[in-house]
Amino acid sequence: MAVMNMVEAIRSTLDAEMARDERVILLGQDIGHNGGVFRATDGLQERYGEDRVVDMPLAEGVIIGAAVGLAASGLIPVPELQFLGFGSQAFHQLEGQVARMRFRSQGRFGMPMVIRAPFGGNVRTPELHSDAHEAKYANSPGLKIAMPATAADAKGLLTQALRDPDPVLFCEPLRGYRLIRDDVPEGEHTVPFGRARGAREGSDVAIVAWSAAVVVAEQAAELAAREGISCGVLDLRTLVPLDVDALREAAAACGRVVVVHEAPYTSGFGAEVVATVQQEAFWSLEAPLARVTAYDTPYPIAAVEHQYLPDAERVLAAVRTAMEA
Amino acid sequence: MSRRAPAPPAPPAQALAEPASLEPWTLLAPDGTLAEGYRPSLSDEELLAAFRLMLLSRTVDQRAFSLQRQGRLGTFSTVEGQEASVVGSAFALDPARDWVVPQYRELPAMLRQGYPLTRFFLYFRGHPIGNQMPEGVRVLPFQISLAAQIPHAVGLAWGLRQQGSDAAVMTYFGDGASSEGDAHEAMNLAGVRRAPVVFLLQNNGWAISTPVAKQTAAQSFALRAPGYGFPGVLVDGNDLFAVHEAARWAVERARAGEGPTLIEARTYRLGPHNTADDPTRYVDPDELRARRELDPIVRVRAYLRARRLLSEAEEEQLRSQLMDEVNAAVAEAEAHPAADRRHIFEHVYADPPPRVRAQRERATAGEEVR
Ligand SMILES: Cc1ncc(C[n+]2csc(CCOP(=O)(O)OP(=O)(O)O)c2C)c(N)n1
């Protein structure tokens, strides 16, 4: 075990997988000489050369679009979107091309690739750098979506993604790059997709979250414990595939479920979670399902973003309401 | 009283990029005579094969059009009028190493690479297997999202070269598709990476009903290429030889590591946009009549006759062979087992997530696996 922050875990995993498989090539804006604006690829161009760590023109569409051709040529591209919010400039290539090329070609052209994309708030970035767009991609069949909440999972899920024969959108929480630090297993470490992580045991309320929102859920669980409410925290790890069994079990164990995410409320992935829980665990429920999310307003500029994003207090309020139901 | 600002100085000549004009490269005149001093790179045998493919394409168009009207085929787009542009360029490729990245109006190029004609009919009958290129056929699937294929071609070319291949990639797109951001992004990247790719822009005058003058104010699409740092060529797209020589030159450049080339093949769509389109709403009949005079097949035929490479009787025989070939492919496609629910679920993921598996099981319960 080695204690690492998330960005270190990501960098060392890319390094290890590039050493293991020479088909892996990285492409993105400022990822080479500069090592990425968050240093996630620091030193990799020096080690693997300009052909394998490629500084791309500033055009998200062709970063993803070229990756389609690179994959068809037999390589395993790892395109980086400098920010998930700018995935919109590449959305037609992601959902219209990457996600369905295997289907369109009836298996002839699989698309092994990992699209790395930092996102998430409370780091005072300019507009559109923080938006949590995961639900837009979850509605694009053919893609898988991984959203690690710990450095250990960043390694395990990224390794898994790089070895997956299908395209994976790998979302990295900006806030967690340096703040999230934990024990990362050394050597070979993979985390299978579609297996949620029980981040905390609890018997009254199950709080479901992913990525940096897991930290908020844990803080809320801590506060609730002081009031004698026992909260479990379920970290979904991957949205596609979704661990339906874990959701059912968590709901059955607690009877109350609160979902937390950074995206707006309407049509956020929380809607998918509550619909699933309703379907799978209806008869175990003791309170209406709750969602604690950003508001249905555009992501604001920095001065008020902490009031926009769900925090432990808002989650705690939802937990209390669930207990009173 | 306000002082008038002095007139700004005009930029000096060396700092001014001005709109330029180009004339299309022509080697085979409409009457079938060659430009003076020109000797085709195509051997007589290759030329006959190219002509055969042009005729096959026309035969498919006619047969498929009538099948569509009979309700035996879905909406599709004919190649009619663009055979020299598609076939001339495809003949610059070596199907054993080079790739074609198509839009949807380049069937003969796909056939030359080894795509089976039966699959074309299957695809436009709505069977998903029609878009599956058999192993070893170096063609990406039909692309319906205009211009989205252009970045793919660049990535493919770049990836092949990086793995030691000397393959070239030819990608096709229309004058309409050229306006998409993908076209710009892809050509820009290709220039930067010197990708071995040929951008074959078929300017057929129309994007459905939108005339080319509404896609660009430039005098030729080929003029864009210098802006990306590589050469552009304007060719008469109804001239098999000119298209072929331009494509050959571009493919040689690609192989030699000299990077991409943009070719504007200026041609004309003689048919409707597709079988659902009514071009009488927007095409001037006089213009269409004039364009029919420039039919690329007529031109090659005149040359073949003058050279005594193919007599009228031999062509008649060839036509009936081609009709048999097309009918056989239609029959095979119509005899193919119909697509069923399983095709909705297959090949979405290599290993489908549990949800997709469960949906498939529910949807196909009680149906035997074929
Ligand atoms: C991205 C996208 N926008 C719109 C359409 C609908 N559409 C299909 S064909 C077409 C015109 C294409 O014109 P062009 O690229 O010149 O090719 P052509 O059909 O003339 O060969 C349009 C607008 C589409 N298929 N894809």
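The values are calculated or read from the model by the stated rules, or taken from the named source; none is laboratory data. It should be emphasised that the depicted structure is a prediction, and the values quoted were computed from it without experimental measurement. Backbone-built Cβ (ideal geometry, glycine too); neighbour counts: all protein chains shown.
Pairs are defined by a Cβ separation below 8 Å, a sequence spacing of at least 6 or placement on different chains, a first member in segment A:286-297 that is in contact (Cβ under 8 Å) with a residue 12 or more places away in the chain, and a second member that is loosely packed, with under 14 Cβ neighbours inside 10 Å; the pairs so defined are A:E286/A:A325; A:A287/A:A325; A:P288/A:A325; A:D296/A:T266.
Can you find even one residue in segment A:301-315 that is more than 21 Å from A:E218 (Cα to Cα), in the same structural domain as A:L223 (by TED's automatic domain parsing) and part of a loop (DSSP other than H, G, I, E, B)? So far as segment A:301-315 goes, yes, one or more of its residues are more than 21 Å from A:E218 (Cα to Cα), in the same structural domain as A:L223 (by TED's automatic domain parsing) and part of a loop (DSSP other than H, G, I, E, B).
Of the listed requirements (1) within 9 Å of chain A (Cβ to nearest Cβ); (2) free of Cβ contacts under 8 Å to residues at least 40 places away in the same chain, B:L156 misses just one: (2). When B:G205 is tested against (1) in contact with a helix residue (DSSP H, G or I) (Cβ under 7 Å, 6 or more places away or on another chain); (2) on the phi < 0 side of the Ramachandran plot; (3) not hydroxyl-bearing (S, T, Y), only condition (2) is not met.
No other residue among A:A66, A:A90 is part of a helix (DSSP H, G or I), touching a Pro at 6+ places or on another chain (Cβ under 6 Å), within 14 Å of another protein chain (Cβ to nearest Cβ) and under 22 Å from B:V101 (Cα atoms) apart from A:A66. Residue count for segment A:97-124 under the criterion of being more than 9 Å from chain B (Cβ to nearest Cβ) and within 17 Å of B:V101 (Cβ to Cβ): the result is 2. The helices (runs of 4 or more DSSP H) located wholly in segment B:292-370 that include 2 or more residues which are more than 14 Å from chain A (Cβ to nearest Cβ) occupy B:296-306, B:312-335, B:354-364. Tell me which residues, restricted to segment B:94-107, are surrounded by fewer than 23 Cβ atoms within 10 Å (Cβ to Cβ), away from the ligand (no atom under 14 Å from the Cβ) and not acidic (D, E). B:P95, B:A96, B:R97, listed by residue number. Out of the residues in segment B:270-291 meeting the condition of being hydrophobic (A, V, I, L, M, F, W, C) and either touching a helix residue (DSSP H, G or I) at 6+ places or on another chain (Cβ under 9 Å) or within 15 Å of the ligand (Cβ to nearest atom) (or both), tell me which one is farthest from the other protein chains (Cβ to nearest Cβ). Per the criteria, the residue is B:L288.
Residue-by-condition table, conditions (1) within 14 Å of another protein chain (Cβ to nearest Cβ); (2) among the aromatic types (F, W, Y):
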site	(1), (2)
B:F124	no, yes
B:H152	yes, no
B:S165	yes, no
B:V192	yes, no
B:V197	yes, no
B:L200	no, no
B:W206	no, yes
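Within segment B:108-140, the set of residues being farther than 13 Å from A:Q106 by Cβ, outside any loop (DSSP other than H, G, I, E, B) and of a type in the set (G, A, S) comprises B:A109 only. Scanning segment B:202-248 for residues that are part of a helix (DSSP H, G or I), within 16 Å of the ligand (Cβ to nearest atom) and in contact with a strand residue (DSSP E or B) (Cβ under 7 Å, 6 or more places away or on another chain) yields B:V212, B:F221, B:A222, B:R224, B:V243. Being more than 8 Å from chain B (Cβ to nearest Cβ), surrounded by fewer than 22 Cβ atoms within 10 Å (Cβ to Cβ), over 17 Å from the mean Cα position of the chain (by Cα) and closer than 29 Å to A:P300 by Cα is the requirement here; does A:L58 meet it? Judged against the criteria, A:L58 is a match. Conditions first: (1) under 12 Å from the mean Cα position of the chain (by Cα); (2) farther than 30 Å from A:A72 by Cβ. A:L169 passes all but one, so which condition is the exception? Checking A:L169 against (1) under 12 Å from the mean Cα position of the chain (by Cα); (2) farther than 30 Å from A:A72 by Cβ, the one that fails is (2). Against the list (1) more than 10 Å from chain B (Cβ to nearest Cβ); (2) over 23 Å from the mean Cα position of the chain (by Cα), the condition A:D51 fails is (1).
Against the conditions (1) among the acidic types (D, E); (2) surrounded by 19 or more Cβ atoms within 10 Å (Cβ to Cβ); (3) outside any loop (DSSP other than H, G, I, E, B), B:E80 satisfies every one except (3).
Those residues that are hydrophobic (A, V, I, L, M, F, W, C), touching a residue at least 40 places away in the same chain (Cβ under 8 Å) and more than 14 Å from the ligand (Cβ to nearest atom), I need them from segment B:165-189; list them, please.
The initial filter retains those residues of segment B:165-189 that are hydrophobic (A, V, I, L, M, F, W, C), namely B:167-170, B:173, B:177, B:183, B:186-187, B:189.
The next check asks that each one be touching a residue at least 40 places away in the same chain (Cβ under 8 Å); those that pass are B:167-170, B:173, B:177, B:187.
Once the filter is applied, which keeps residues that are hydrophobic (A, V, I, L, M, F, W, C), touching a residue at least 40 places away in the same chain (Cβ under 8 Å) and more than 14 Å from the ligand (Cβ to nearest atom), segment B:165-189 yields B:A167, B:A168, B:V169, B:M170, B:M187.
Mind checking whether some residue in segment B:69-81 is under 30 Å from A:L94 (Cβ atoms) and among the basic types (K, R)? The answer is no; no qualifying residue exists.
Taken residue by residue, segment B:24-35 has no member that is of a type in the set (D, E, K, R) and without any contact (Cβ under 8 Å) to a residue 12 or more places away in the chain.
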